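Remarks on the structure that follows.
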Amino acid sequence: MSTTVSRSDTDGGPPGGAGRRRPTLKSVLVWTAVAIVGAVAWTVLALARGETVSALWILFAALCSYAIAYRFYARFIAYRVLRVDDRRATPAERLHNGIDFDVTDRRVLFGHHFAAIAGAGPLVGPVLAAQMGYLPGTIWIVVGVIFAGAVQDMTVLFFSMRRNGKSLGQMVREEIGIVGGIAALIAVFAIMIIILAVLALIVVNALAESPWGVFSIALTIPIALFMGVYLRIIRPGRVLEATAIGVVLLLAAVIGGGLIDDTGLGEALTLSKEWLVLALVVYGFVASVLPVWLLLTPRDYLSTFMKIGVIVLLAIGLLLARPVLQADAVSEFAREGTGPVFAGSLFPFVFITIACGALSGFHALISSGTTPKMVAKESQVRLIGYGGMLMESFVAISALIAAVVIDQGLYFAMNAPAGVTGGTAESAASYVNGLGFDTTAQDLAAASAAIQEPSLVSRTGGAPTLAVGIANILSQAFGAGMAAFWYHFAIMFEALFILTAVDAGTRVGRFMLQDTIGNVWKRFGDLSWRPGNIMASAVVVALWGYILYVGVTDPLGGVNQLFPLFGIANQLLAGIALTLVTVLLIKHGKAKYAWVTGIPLAWDLIITMTASWQKVFSADPRVGYFAQRQRYADAQAAGELLAPAQDADQMDRIIYNSTLNGVLQAVFALLVLVVVVNAVVVIARALRARGAVPTTEEPAVPSSIVEPAGLFATAEEKRAMAEQERLVGAGARGHGTFTQEGPSR
Amino acid sequence: MTGGNATAVRSAVTRALRGVHWYLKELTGEARWDDYLRHCSEHGHQPMSRREFERRRADERERNPVSRCC
């Protein structure tokens with residue numbers, strides 16, 4: 001234990017405390033230009049009503065805002081608030097073992113970190129939030145990331161790095177208290193289960209009744225197995241070779257899927273949602289007990305490359321296609337809260353729904369633990385933590401654009417649950433017309449024919465809508481005639497990393513469970529004990545599999561019912577993370593800067609607690625789970641059937657599901673409140689002690705590594721690196737520090 | 001385009017491609033083997049086989065699961 005090394009207030013900039021320099025004329029001009037372009041883009045978006053507006057304005061507004069935030073706000077947080085100190089060795093340098101503690105090039109670590117935080121969340125959330133129009137989503141994705149999401153990722157990364165890469169749960173326990181720690185542990189585990197279930201639900205909804213999709217996703221498994229064997233036995237370690245082969249096979253699988261439609265295979269692969277649930281549960285279990293080299297690692301390479309490839313492709317596609325916004329700036333559903341995609345008004349539900357692209361609690365699990373053990377220099381937390389999250393937000397903006405440039409009649413026909421659209425093109429068209437959007441059954445049929453899917457009606461979950469948007473943009477950009485390929489390519493790409501997340505998440509859940517139960521039953525905690533692994537995996541898979549099944553069979557629509565639970569859970573986890581970093585700022589005597597994390601924390605608590613309150617106590621049966629339960633229970637008691645239930649069994653199911661969802665919702669909120677209350681006590685104690693409270697920060701050890709802080713080395717940093725090279729001699733930076741036995745403990 | 005220009009362009013492209021290759025090798029961890037060989041030659045160790053080396057890295061990954069976010 002040690003207390004913070006307190007330094008004078010004037011030391012506000014990098015490097016070596018040289019103080020502030022006057023900005024050059026060039027830098028003033030460049031940043032003024034960026035600010036003007038950004039301001040113009042925002043003005044166009046905010047004032048446009050009824051004219052055609054290019055989607056590129058959204059892109060420019062976002063990119064300029066990110067640039068300014070990174071240049072000024074992230075720098076302020078790094079050098080003034082956190083006081084990153086490059087004279088101090090990072091855990092990667094101090095505890096180097098070539099395994100988890102490993103000094104890693106900042107650009108490479110940025111890639112690792114981004115690959116770990118980016119998943120299906122930022123793609124799906126904005127698509128669903130598009131029901132409120134493009135403006136609320138755009139504003140929250142950009143403002144949210146700048147002031148909340150990126151701040152959370154960067155500060156958690158920093159504080160975990162100062163504690164040798166301790167996990168979020170560990171830090172809460174040690175810095176806030178045992179009660180908060182246990183609540184956080186349970187919350188993290190429960191939230192992970194919900195997240196896995198909802199991710200799996202998205203895959204099920206995207207693949208149901210779609211033989212082409214099932215075919216190409218199913219083939220990703222043998223492709224990954226082949227890569228695994230290739231890397232283990234045929235050509236050990238040649239990852240680039242294996243990945244190149246894998247990508248080619250993957251594209252062949254997507255093309256091949258188009259050929260099976262009218263064959264017996266196509267019929268065999270037309271699976272119902274129930275069968276897909278079974279397939280996913282079996283897959284999830286098997287994948288999480290197989291050795292990682294066989295399936296997880298190779299598929300992770302594939303999904304990382306696909307992720308980066310698709311984002312780049314989509315960005316280029318947007319610039320070439322320059323699509324026009326079809327959605328309203330603010331739709332009537334935002335004002336009235338009666339939208340079919342998810343219920344509830346703009347506040348708080350647009351913030352809940354967008355989730356990962358603006359603020360994601362799950363990132364705090366990555367920013368503590370894995371990444372902090374690999375950071376070379378403290379100042380790099382700005383690039384990796386803040387910059388990585390800006391990149392994720394950019395993915396969310398791209399997804400939002402894809403959803404708001406497609407025909408809005410089609411958007412609502414796809415995203416309203418089957419219970420209200422009736423499931424056929426005719427009934428869906430008349431339902432959508434009733435909402436006030438133009439579309440006909442022929443239009444809907446033509447849209448599904450264009451991408452060679454049997455139907456697009458009520459393909460909820462966001463993934464199919466995003467895939468239609470991507471297919472539109474890429475066909476516009478690179479020529480028509482390939483829409484069906486692009487659609488299934490996009491579906492495959494989303495499902496690929498959802499499967500990776502499900503596999504990795506199940507594995508992490510298994511480790512958590514074994515670790516926790518190992519406290520009372522020693523044998524179970526032994527990670528190499530096979531029966532323990534299998535039991536723990538089975539429990540984790542059964543938990544998310546059960547919720548997945550509940551969602552899939554819900555007559556009210558699983559996404560409509562479960563996505564809010566997922567969004568709130570993720571934002572509640574962010575509440576825990578922001579509480580922790582706020583406590584730490586105060587404990588380290590930086591109470592005057594506590595607003596940096598305190599304001600996003602307050603906002604996050606306001607939205608999540610309002611949303612939780614409404615989901616539990618709202619009298620509106622479309623919003624409140626228990627009001628919904630009551631409505632159906634009353635009808636059941638009177639012997640009536642309420643739409644969309646079609647029989648007594650479905651009535652039972654709705655009543656049961658509403659109760660389950662409501663209870664889960666209440667439990668999550670209570671767990672977070674326990675952490676917050678515990679934190680308030682600790683904060684009060686720290687404020688009374690005026691700062692100097694013991695924390696678990698590791699004492700400073702001088703660093704001998706010289707590395708640039710940002711993406712590009714400045715002239716000054718290049719000089720410092722050359723100087724260091726001359727002093728220590730070549731080969732002393734970073735590499736060449738394996739243990740005697742090689743890269744193993 | 002003059003000859004000097006073409007050479008400059010070619011060397012810039014080569015540099016860029018080399019940079020991409022370096023980045024991908026580092027990102028996938030393929031470069032760890034090269035690091036290990038360099039380490040062995042610097043310290044005069046007899047390196048283990050590549051198969052053995054990759055097996056140990058896989059075992060490490062088995063013990064340290066990496067989470068993937070939503």
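For A:ASP153, only one of the following conditions fails: (1) within 30 Å of B:ARG56 (Cα to Cα); (2) in contact with a His (Cβ under 7 Å, 6 or more places away or on another chain). What is its number?
(1)
List every residue pair whose Cβ atoms sit under 7 Å apart, with the two residues 6 or more apart in sequence or on different chains, where the first one lies in region A:552-572 and is of a type in the set (Gly, Ala, Ser) and the second, anywhere, is surrounded by fewer than 24 Cβ atoms within 10 Å (Cβ to Cβ) and part of a loop (DSSP other than H, G, I, E, B).
That search, which allows pairs on different chains as well, returns A:GLY557/A:PRO417.
Please work out if B:ARG61 is over 30 Å from A:ILE354 (Cβ atoms), open to solvent by 40 Å² or more (accessible area, probe 1.4 Å), more than 9 Å from every other protein chain (Cβ to nearest Cβ) and part of a helix (DSSP H, G or I).
No; evaluated as a whole, the condition is false for this residue.
In region A:345-363, which residues are in a helix (DSSP H, G or I), more than 10 Å from chain B (Cβ to nearest Cβ) and open to solvent by less than 10 Å² (accessible area, probe 1.4 Å)?
A:PRO348, A:PHE349, A:VAL350, A:ILE352, A:THR353, A:ILE354, A:GLY357
Can you tell me how many residues in region A:69-115 are basic (Lys, Arg) and on the phi > 0 side of the Ramachandran plot?
Summing the residues that are basic (Lys, Arg) and on the phi > 0 side of the Ramachandran plot in region A:69-115 gives 1.
Mind counting the residues in region A:209-222 that are open to solvent by 10 Å² or more (accessible area, probe 1.4 Å) and either within 14 Å of another protein chain (Cβ to nearest Cβ) or assigned to a loop (DSSP other than H, G, I, E, B) (or both)?
1
Taking the condition of being without any contact (Cβ under 8 Å) to a residue 12 or more places away in the chain and of a type in the set (D, E, K, R), how many residues in region A:668-715 meet it?
Final tally of qualifying residues: 2.
Pick from A:VAL539, A:VAL552: which is more than 26 Å from A:ILE366 (Cβ to Cβ), β-branched (Val, Ile, Thr) and within 25 Å of the chain's Cα centre (by Cα)?
A:VAL552
Of (1) open to solvent by less than 60 Å² (accessible area, probe 1.4 Å); (2) more than 14 Å from chain B (Cβ to nearest Cβ); (3) closer than 28 Å to A:VAL350 by Cβ, A:ALA118 satisfies all except one. Which?
(2)
With at pLDDT below 95, surrounded by fewer than 14 Cβ atoms within 10 Å (Cβ to Cβ) and within 14 Å of chain B (Cβ to nearest Cβ) as the only criterion, which of A:ALA643, A:ALA730, A:ALA715 stands out?
The conditions single out A:ALA730.
Being open to solvent by 10 Å² or more (accessible area, probe 1.4 Å), away from chain B (no Cβ under 14 Å) and part of a helix (DSSP H, G or I) is true for just one of A:LEU313, A:LEU318. Which residue is that? Working first, answer last.
Details: A:LEU318 fails: open to solvent by 10 Å² or more (accessible area, probe 1.4 Å).
On inspection, the qualifying residue turns out to be A:LEU313.
Conditions tested, residue by residue: (1) in contact with a helix residue (DSSP H, G or I) (Cβ under 7 Å, 6 or more places away or on another chain); (2) at pLDDT 95 or above; (3) under 30 Å from A:ILE384 (Cβ atoms); (4) polar (S, T, N, Q).
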| residue | (1), (2), (3), (4) |
| --- | --- |
| A:ALA666 | yes, yes, no, no |
| A:LEU670 | no, yes, no, no |
| A:VAL676 | yes, yes, yes, no |
| A:VAL680 | no, yes, no, no |
| A:ARG685 | no, no, no, no |
| A:ARG690 | no, no, no, no |
| A:VAL701 | yes, yes, yes, no |
| A:ILE705 | yes, no, yes, no |
| A:GLY710 | yes, no, yes, no |
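Quick check on A:VAL286: is it within 30 Å of B:GLY29 (Cα to Cα), open to solvent by 70 Å² or more (accessible area, probe 1.4 Å) and part of a helix (DSSP H, G or I)?
Here the answer is no, as A:VAL286 does not meet what is asked.
Being in a helix (DSSP H, G or I) and surrounded by fewer than 22 Cβ atoms within 10 Å (Cβ to Cβ) is the filter here, so list the residues in region A:325-344 that pass it.
Those that are in a helix (DSSP H, G or I) and surrounded by fewer than 22 Cβ atoms within 10 Å (Cβ to Cβ): A:GLU332, A:ARG335, A:GLU336.
Against the definition (at pLDDT 95 or above, in contact with a Gly (Cβ under 6 Å, 6 or more places away or on another chain) and either of a type outside the set (Asp, Glu) or assigned to a helix (DSSP H, G or I) (or both)), how does A:LEU390 come out, yes or no?
No: the conditions fail for A:LEU390.
Kindly indicate which of A:ILE384, A:ILE366 is part of a helix (DSSP H, G or I), of a type in the set (A, V, I, L, M, F, W, C) and modelled with pLDDT under 95. Steps first, please.
Details: A:ILE384 fails: modelled with pLDDT under 95.
Step by step, each of A:ILE384, A:ILE366 is checked, and only A:ILE366 is part of a helix (DSSP H, G or I), of a type in the set (A, V, I, L, M, F, W, C) and modelled with pLDDT under 95.
Going by the structure shown, is A:VAL520 outside any helix (DSSP H, G or I) and farther than 30 Å from A:GLU698 by Cβ?
Yes, satisfied.
On the given criteria, is A:ARG107 away from chain B (no Cβ under 11 Å) and charged (D, E, K, R)?
The answer is no for A:ARG107.
Within the set of pairs 6+ apart or on separate chains, which have a first residue in region A:411-438 that is open to solvent by 60 Å² or more (accessible area, probe 1.4 Å), a second that is of a type in the set (Asp, Glu), and C-beta atoms under 9 Å apart?
From residues that are open to solvent by 60 Å² or more (accessible area, probe 1.4 Å), the pairs are A:GLY436/A:GLU332; A:ASP438/A:ASP407.
Going through A:LEU225, A:LEU250, A:LEU265, A:LEU294 one at a time, which residue ends up being away from every other protein chain (no Cβ under 14 Å), within 18 Å of B:ARG61 (Cα to Cα) and either in contact (Cβ under 8 Å) with a residue 12 or more places away in the chain or outside any helix (DSSP H, G or I) (or both)?
Only one candidate qualifies: A:LEU225.
Step by step: first the residues of region B:18-31, then only those that are open to solvent by 50 Å² or more (accessible area, probe 1.4 Å) and more than 30 Å from A:GLY121 (Cβ to Cβ), then the one that is farthest from the other protein chains (Cβ to nearest Cβ). Which residue is that?
B:ARG18
Could you tell me whether A:ILE77 is surrounded by 19 or more Cβ atoms within 10 Å (Cβ to Cβ), in contact with a helix residue (DSSP H, G or I) (Cβ under 7 Å, 6 or more places away or on another chain) and either of a type outside the set (A, V, I, L, M) or in a helix (DSSP H, G or I) (or both)?
In short, yes.
What's the number of the only condition in (1) within 14 Å of chain B (Cβ to nearest Cβ); (2) under 16 Å from the mean Cα position of the chain (by Cα) that A:GLY509 fails to meet?
The single condition A:GLY509 does not satisfy is (2).
Could you list, in sequence order, the residues of region A:469-483 that are open to solvent by 10 Å² or more (accessible area, probe 1.4 Å) and part of a helix (DSSP H, G or I)? Explain how you work it out, then say what you get.
Within region A:469-483, the subset open to solvent by 10 Å² or more (accessible area, probe 1.4 Å) is A:472, A:475-483.
Listed by number, the residues that qualify are A:ASN472, A:SER475, A:GLN476, A:ALA477, A:PHE478, A:ALA483.
Does region B:33-51 contain any residue that is more than 7 Å from chain A (Cβ to nearest Cβ), buried (at least 17 other Cβ atoms within 10 Å of the Cβ), within 20 Å of A:PRO298 (Cβ to Cβ) and modelled with pLDDT of 90 or more?
no
Mind checking which helices (runs of 4 or more DSSP H) fall wholly inside region A:91-190 and carry at least 1 residues that are of a type in the set (A, V, I, L, M, F, W, C), in contact with a strand residue (DSSP E or B) (Cβ under 7 Å, 6 or more places away or on another chain) and farther than 30 Å from A:ASP407 by Cα?
Here the list reads A:91-94, A:106-117, A:150-161.
A:SER704 passes all but one of (1) open to solvent by 50 Å² or more (accessible area, probe 1.4 Å); (2) among the small types (Gly, Ala, Ser); (3) more than 30 Å from A:ARG21 (Cα to Cα); which number fails?
Just one mismatch for A:SER704, condition (3).
The values are calculated or read from the model by the stated rules, or taken from the named source; none is laboratory data. Remember, predicted model here, so these are calculated numbers, not experimental data. FYI the Cβ positions are ideal-geometry reconstructions off the backbone, even for glycines, and counts take in every protein chain you see. Keep in mind that these areas ignore ligands, DNA and RNA; they rest on the heavy atoms of the full protein, side chains included. Shrake-Rupley method; radii C 1.70, N 1.55, O 1.52, S 1.80 Å.
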